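S.K.: Before we start, here is the structure in question, set down as structure tokens.
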Amino acid sequence: MIDAYNAGKLPEIKDIIVEPEYGYVASIEYNSGEHRVLYGHDPGFNSGSAEQLANDKGYTKFLLRENGIDCARGSEFLLPWWADMLRQSDRQQFNHSMRDTKEALGYIDKSLGFPVYVKPSRGSQGIGVARVETAEELDKLLNQYNEERVKVAVIEEELKMPDYRILVFDGEVVNAYERRPFSVKGDGVSNLEQLIDLKHKTLVDSGRDIHFERQLPIIMNKLRKMGLSMTDIIPEGADVQLMDISNLSAGGTPVDIGEVMHQRWRDLAVRVARIFDLRICGVDLACKDITQSDSEYGVIEVNATPGVKQFMASGVAQQGKLEDIFVKFFRTL
């Protein structure tokens, strides 16, 4: 394997050590004597402070806006348990600008209007993210957050545009694809439960790491809003979108757009990576028309440790593309 990585002019690898039981930790030694440590999805390129900043959705939006980059209108609210703790601290007890989720509904009514997207300020893979349409849904979700000890909730407007992931490494876009939400296609015979089970099995068999346990209540709620149930038979050829988020870890489908994406969006993604001081990052972008330079857009998130397993498992071509990128990653100091 090392010989395959050493073909070319990039720094040569002397040894690779991978923890054998889970494969979660690895160490790379180069002929120059340099070392790189990999942990989970983190390939060891970004600084800790840059990663921490990018992983906080609230501060991410602050930095984007300060640099003139469009993103969804919204704000952050402390969950009650966390707000109470901060108000008891010496550093924050006189901070009267703190807002907790008791003010969330008034903010939505005044500044955004329903529907909105609500998400934990920290988190990944779309876990806990929900499209909320009513005050009752908002209250239920925020109570769930409080019970789960989420510290900060981000509430923002809905961007009704296609969703893209643009992967940047050392100032270069190395991958870009549209993310389409989890959906099933009817065959005129199977009911929704059977279609979902089949789609889930197909994804897992292809190597995708998909777990619907946490997302099932969201799917059931969406079906209810569409007037559907798990026992309904879907007409042949009809598509049913089952989730509002398009994360690949939630069953989303990637569609490569590298050939048609306008240069403006490449430049924007590279600029975002530089602003956050990230050598490697995934820029999640909502864009009305990715082929046009003057299209409406909004940066959704900046991911400092973008997982690529889901993309690689979505097809042979995708796997080959990502393997080429991995070679470049691992042979770069």
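S.K.: Going down the table (Lys160/Lys225; Lys61/Lys140; Lys61/Lys201; Lys140/Lys201), which pairs top 28 Å between alpha carbons?
M.R.: Too far apart for the 28 Å limit: Lys61/Lys201; Lys140/Lys201.
S.K.: Can you give the Rg/Rh ratio of segment 167-218, where Rg is from the C-alpha atoms and Rh is the Kirkwood radius?
M.R.: Numbers: Rg = 15.5 Å, Rh = 13.7 Å.
Reported Rg/Rh, Kirkwood definition of Rh: 1.13.
S.K.: Cut-off under 30 Å on the C-alpha distance; same-chain residues fewer than 8 positions from Lys14 excluded. Which lysines are left, in chain and number order?
M.R.: Lys309, Lys321, Lys328
S.K.: Over segment 136-259, with every protein chain in place, what whole percent of the accessible area is carbon and sulfur at 1.4 Å, could you tell me?
M.R.: Within segment 136-259, the accessible surface is 49 percent carbon and sulfur.
S.K.: A follow-up question, please. Counting heavy atoms of the protein chains only and a 1.4 Å probe, report the per residue accessible area for the chain as a whole number of Å².
M.R.: 53 Å²
S.K.: Okay, moving on. If I model a spin label as a point 7 Å beyond the Cα along the Cα-Cβ vector, how far apart are those points for Ser229 and Thr253 in nm?
M.R.: 2.8 nm
S.K.: In whole Hz, what ³J(HN,Hα) sequence does segment 144-156 give by Karplus (6.51, -1.76, 1.60; θ = phi - 60°), x for Gly and Pro?
M.R.: Calculated HN-Hα couplings, in order: 5, 4, 5, 5, 7, 6, 5, 7, 9, 10, 9, 10, 9 Hz.
S.K.: For segment 20-90, run through the chymotrypsin sites (Phe, Trp or Tyr not before Pro) and keep only the ones in DSSP coil with at most 16 other Cβ atoms within 10 Å of their Cβ. Don't skip to the end; give the middle numbers.
M.R.: Numbers: sites: Tyr22, Tyr24, Tyr30, Tyr39, Phe45, Tyr59, Phe62, Phe77, Trp81, Trp82; in loops: Tyr22, Tyr24, Phe45.
Of the chymotrypsin sites (Phe, Trp or Tyr not before Pro), the ones in loops of segment 20-90 whose Cβ has at most 16 other Cβ atoms within 10 Å are Tyr22, Tyr24.
S.K.: Under Stokes-Einstein, with the Kirkwood radius over Cα pairs standing in for Rh, what whole-number D in µm²/s applies to segment 34-89 at 10 °C and 1.306 mPa s?
M.R.: Working: Rh = 14.2 Å.
Rounded to a whole number, D works out at 111 µm²/s.
S.K.: For the pair His35/Glu136, report the inter-label distance in nm, with labels modelled 7 Å from Cα in the Cβ direction.
M.R.: 5.8 nm
The values are calculated or read from the model by the stated rules, or taken from the named source; none is laboratory data. From a predicted model like this one, the values you see are computed outputs, not experimental measurements. Please note: Cβ atoms are built from the backbone with ideal geometry, for glycine as well, and neighbour counts cover all protein chains shown. For accessibility, only protein heavy atoms count, side chains too; no ligands or nucleic acids. Shrake-Rupley method; radii C 1.70, N 1.55, O 1.52, S 1.80 Å.
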